[in-house]
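Engineer: This is the structure, below, for whatever I ask next.
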Amino acid sequence: MNGLQFDPEVSRQMETMYTTPDVIEQRRVVRTALALRPGDRVLDVGVGPGLLAEEMAAEVGPSGRICGIDISDSMLAIASARADVPGGPGIELELASADRIPHASESFDVVVSTQVFEYIDDVPSALNEVRRVLRPAGRVVLLDTDWGSVVWRSTDDVRMGRVLTAFEDHLADPHLPRTLAGVLDKSGFTVTHRQVVPILNAGYDQHTYSSGLIDIVGDFVPGHGEVTAEEAQAWADDLRSLGAGYFFSLNRYLFVASAL
Ligand SMILES: C[S@@+](CC[C@H](N)C(=O)[O-])C[C@H]1O[C@@H](n2cnc3c(N)ncnc32)[C@H](O)[C@@H]1O
């Protein structure tokens, strides 16, 4: 499996998708679950374009701390443009992976990671690192997609099935939410809250999450699961031609857990 590369082009595409109303609303739900207070010290694992980090910096204020790590240089370059938040601490960004967090033990009150753990091969070892850097009774908030939840209207359901199966290659675990509570439990966390966070796009609109996803999927799937470039193009053209009859939905799942 060759996973999704967060290169400069994909990173810019993701930044655009993450400024749509769909993902702005998702961040609002995540921030409600985070319930940050002034002075909180927060680590964002897989900080990506830094949109959540920027919002969190305004919430923790100048006495707080916001750190972000990511394995993608291009994502960190985008995030660095958001690092100076008026009324917040500067966002501290570092190139690092979740399974080797470059911070001292017990240095954070909260760790958050949205749309990242599904890309990680060894989730238990990343959770061990998260637990190490959290203070006792600190909490972690994770949000991941179950790609089995996708409902996407197409005029060719067989092709849609082939494309979605091929797209599952972009992740380490496309169904992580189904097992994540058990892994958290085994890693020394107590799950205190679970929630579904759905996205629904009815009627084709370019300024939606799924419009951007058509580009990401269409670029990724050729060569995976025997999907050809022509088939991927026909798949994308079909969706965009549905106009008012376009329909997309998927579920993300949010977990809040506290470190014992
Ligand atoms: C889908 S993006 C989500 C970005 C951000 N968390 C958000 O929700 O806006 C996934 C991000 O996770 C990063 N990532 C993937 N594997 C990682 C790992 N092992 N450690 C840290 N970051 C990782 C990618 O580089 C990318 O920036």
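The values are calculated or read from the model by the stated rules, or taken from the named source; none is laboratory data. Note that the structure is predicted; figures quoted are calculated from it, not measured. Here Cβ is always computed from backbone atoms with ideal geometry, including for glycine, and neighbour counts include all displayed protein chains. Ligands, DNA and RNA are excluded from the accessible area calculation, which covers all protein heavy atoms including side chains. Shrake-Rupley method; radii C 1.70, N 1.55, O 1.52, S 1.80 Å.
Engineer: For the pair Arg37 and His175, how long in nm is the line joining their label points, each one 7 Å along Cα→Cβ?
Structural biologist: If labels sit at Arg37 and His175, their model points lie 4.1 nm apart.
Engineer: Okay, next question. Let me have the relative contact order for the chain, percent, based on Cα pairs under 8 Å that are six or more residues apart.
Structural biologist: Details: 545 pairs, mean separation 55.5, N = 260.
Relative contact order of the chain: 21 percent.
Engineer: Counting only DSSP beta bridges with both residues in the chain, what percent are antiparallel, rounded to the nearest 5?
Structural biologist: Working: 23 of 42 bridges.
Of all bridge pairs located within the chain, approximately 55 percent are antiparallel.
Engineer: Calculate, in nm to one decimal, what Thr165 and Leu95 gain on full extension: separation in residues at 0.36 nm each, minus their alpha carbon distance. Write out the running numbers ahead of the final one.
Structural biologist: Values: separation 70, 0.36 × 70 = 25.20 nm, distance 3.08 nm.
Full-extension gain reported as 22.1 nm.
Engineer: If you find the alpha carbon centre of segment 129-152 and of segment 51-96, how far apart are they in angstrom?
Structural biologist: If you average the Cα positions of each part, the centres end up 19 Å apart.
Engineer: How far is helix 123-133 tilted, in degrees, relative to the longest principal axis of the Cα atoms in the chain, given as a value from 0 to 90 rounded to the nearest 10?
Structural biologist: With both axes taken from Cα atoms, the answer is about 30 degrees.
Engineer: Given points 7 Å out from each Cα along the Cα-Cβ axis, report the Glu226 to Asp7 separation in nanometres with one decimal.
Structural biologist: Simple spin-label model gives 2.7 nm for this pair.
Engineer: Once you list every other residue whose beta carbon is under 14 Å from the beta carbon of Arg41, what net charge do they have if Lys and Arg are +1 and Asp and Glu are -1? Please report the intermediate quantities before stating the final value.
Structural biologist: On the way: positive: Arg37, Arg65, Arg135, Arg139; negative: Asp40, Asp44, Glu59, Glu92, Glu106, Asp109.
Once positives and negatives cancel, what remains is -2.
Engineer: Using a ≥ b ≥ c from the Cα gyration tensor of segment 176-260 (square roots of the eigenvalues), is it rounded, prolate or oblate, where a/c under 1.5 gives rounded and otherwise the larger of a/b and b/c decides, a/b for prolate? Show your work: numbers first, answer last.
Structural biologist: Details: a/c = 4.27, a/b = 1.96, b/c = 2.18.
Cα axes put segment 176-260 in the oblate bin.
Engineer: Could you work out the Rg to Rh ratio of the chain, with Rh taken as the Kirkwood radius (inverse of the mean 1/r over all Cα pairs)? Before the final figure, lay out each step's value.
Structural biologist: Numbers: Rg = 18.4 Å, Rh = 18.9 Å.
Rounded to two decimals, Rg over Rh is 0.97.
Engineer: Can I ask one more? Go through Ile214, Ala232, Ala259 and say which Cα lies farthest out towards the positive end of the charge dipole of the chain; charges sit on Cβ, +1 for Lys and Arg, -1 for Asp and Glu.
Structural biologist: It is Ala259.
Engineer: Which order do you get for Leu164, Leu34 if you rank them by accessible area with a 1.4 Å probe, largest at the top? Working shown, then result.
Structural biologist: Numbers: Leu164 40, Leu34 0 Å².
Final ranking, largest accessible area leading: Leu164, Leu34.
Engineer: Another question, then. Starting from the 7 Å offset along Cα-to-Cβ, what nm value, one decimal, do you get for the label separation of Val183 and Ala104?
Structural biologist: Inter-label distance under the simple model: 3.0 nm.
Engineer: Once amide H atoms are built 1.01 Å from N in the peptide plane, which residues 5 or more positions from Arg252, or in another chain, come under 5 Å H to H?
Structural biologist: Those lying under 5 Å, H to H, from Arg252 are Val197, Ile199.
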